[in-house]
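Novice: Below you will find the structure I want to go over with you.
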Amino acid sequence: MKPTLVLLPGMDGTGELFRPLIAALGDSVDVIPVRYPAAELLGYAALIARVRSLLPKHKPFLLLGESFSGPIAVSLAADSPPQLKGLILCASFVRNPRPMLAGVRQLVAHMPMPPIPKQVVAPLLLGGFSTPELRLALNSAIAQLPPATLRERLSAVLSVDATEQLTQVKVPCLYLRAMHDRLVTKAAAELILRIKPDTVRMDIPGPHCLLQAMPHLAAAEISRFIAFALAPANHQLG
């Protein structure tokens, strides 16, 4: 039986941006890309409850939390679902990755949220790895996110703290760090390694949208980790 990889999306919540990764993974794994409801103002607690109901109950699976979804994946893994075999975090965090913005959380929760200018999206999320195809996919996904929902998710990021949940995770963990990430700093990965030192960290040259810009490198590391997580013996990745 092939393992299942449950993909939890970034802040856009569409799941559509996983297409390059899914193609790169091929048929070696069954994939469940989760989509968050765009029109509902759901914080982390509500999204965790929603995703929990979607998890496989009768076959082994791994969780991948991309960016915004890292705290969701960690919180679900902390509950030790019976069939969960591994946890993967990509360009993600367990605590507000921009602590200097913590003081504006209340302001963000109430301020008007205009559409994000397209000319800002690509430099921030793709950097020097931008291509016309990636820009089109990214802009299309973000366009589906109503301003109120974006505001709710930004506010959630600024107040989240899943460090305690991370200490309760029993399965093997992999952190994919985007070496050219302009959004989530290296400190976010270092915090996760301090809390859970046995986490495997892989640095991949790429932007915040790592799974989109470097899908084949990411897929290779993910496939290697899946094989490790499913192995009956407790081996170390070299």
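The values are calculated or read from the model by the stated rules, or taken from the named source; none is laboratory data. Note that the coordinates shown come from a computational prediction; the quantities given were computed from them, not determined experimentally. Every residue, glycine as well, gets a Cβ built from its backbone with ideal geometry; the counts of neighbours run over all protein chains shown. For accessibility, only protein heavy atoms count, side chains too; no ligands or nucleic acids. Shrake-Rupley method; radii C 1.70, N 1.55, O 1.52, S 1.80 Å.
Novice: Given the condition crowded, with 19+ Cβ neighbours inside 10 Å, among the aliphatic types (A, V, I, L, M), closer than 22 Å to ILE222 by Cα and at pLDDT 90 or above, answer yes or no: does some residue in the stretch 106-125 qualify?
Specialist: Yes, because at least one residue in the stretch 106-125 is crowded, with 19+ Cβ neighbours inside 10 Å, among the aliphatic types (A, V, I, L, M), closer than 22 Å to ILE222 by Cα and at pLDDT 90 or above.
Novice: Is it true that some residue in the stretch 131-139 is touching a strand residue (DSSP E or B) at 6+ places or on another chain (Cβ under 6 Å), among the β-branched types (Val, Ile, Thr) and either in contact (Cβ under 8 Å) with a residue 12 or more places away in the chain or not in a helix (DSSP H, G or I) (or both)?
Specialist: Filtering the stretch 131-139 for residues touching a strand residue (DSSP E or B) at 6+ places or on another chain (Cβ under 6 Å) gives none.
Scanning the stretch 131-139, I find no residue that is touching a strand residue (DSSP E or B) at 6+ places or on another chain (Cβ under 6 Å), among the β-branched types (Val, Ile, Thr) and either in contact (Cβ under 8 Å) with a residue 12 or more places away in the chain or not in a helix (DSSP H, G or I) (or both), so the answer is no.
Novice: Have a look at TYR36, TYR44 and point out the one that is surrounded by 22 or more Cβ atoms within 10 Å (Cβ to Cβ), of a type in the set (Ser, Thr, Tyr) and within 23 Å of ASP181 (Cβ to Cβ).
Specialist: From the options TYR36, TYR44, the qualifying one is TYR36.
Novice: Check LEU87 against each of (1) over 19 Å from the mean Cα position of the chain (by Cα); (2) at pLDDT 90 or above; (3) outside any helix (DSSP H, G or I); (4) of a type outside the set (Gly, Ala, Ser) and name the one condition it does not meet.
Specialist: (1)
Novice: Residue pairs, Cβ under 6 Å, 6 or more apart or interchain, first in the stretch 166-180 and over 17 Å from LEU230 (Cα atoms) and among the small types (Gly, Ala, Ser), second open to solvent by 10 Å² or more (accessible area, probe 1.4 Å) and modelled with pLDDT of 95 or more. List them.
Specialist: ALA178/HIS208
Novice: In addition: If a residue must be part of a loop (DSSP other than H, G, I, E, B) and surrounded by fewer than 17 Cβ atoms within 10 Å (Cβ to Cβ), how many such residues does the stretch 1-29 contain?
Specialist: Within the stretch 1-29, the first condition is being part of a loop (DSSP other than H, G, I, E, B), and the residues that meet it are 1-3, 9-15, 26-29.
Filter once more, keeping what is surrounded by fewer than 17 Cβ atoms within 10 Å (Cβ to Cβ): 1-2, 26-28.
So the count comes out to 5.
Novice: Would you mind telling me which numbered condition in (1) touching a residue at least 40 places away in the same chain (Cβ under 8 Å); (2) part of a helix (DSSP H, G or I) LEU76 fails?
Specialist: (1)
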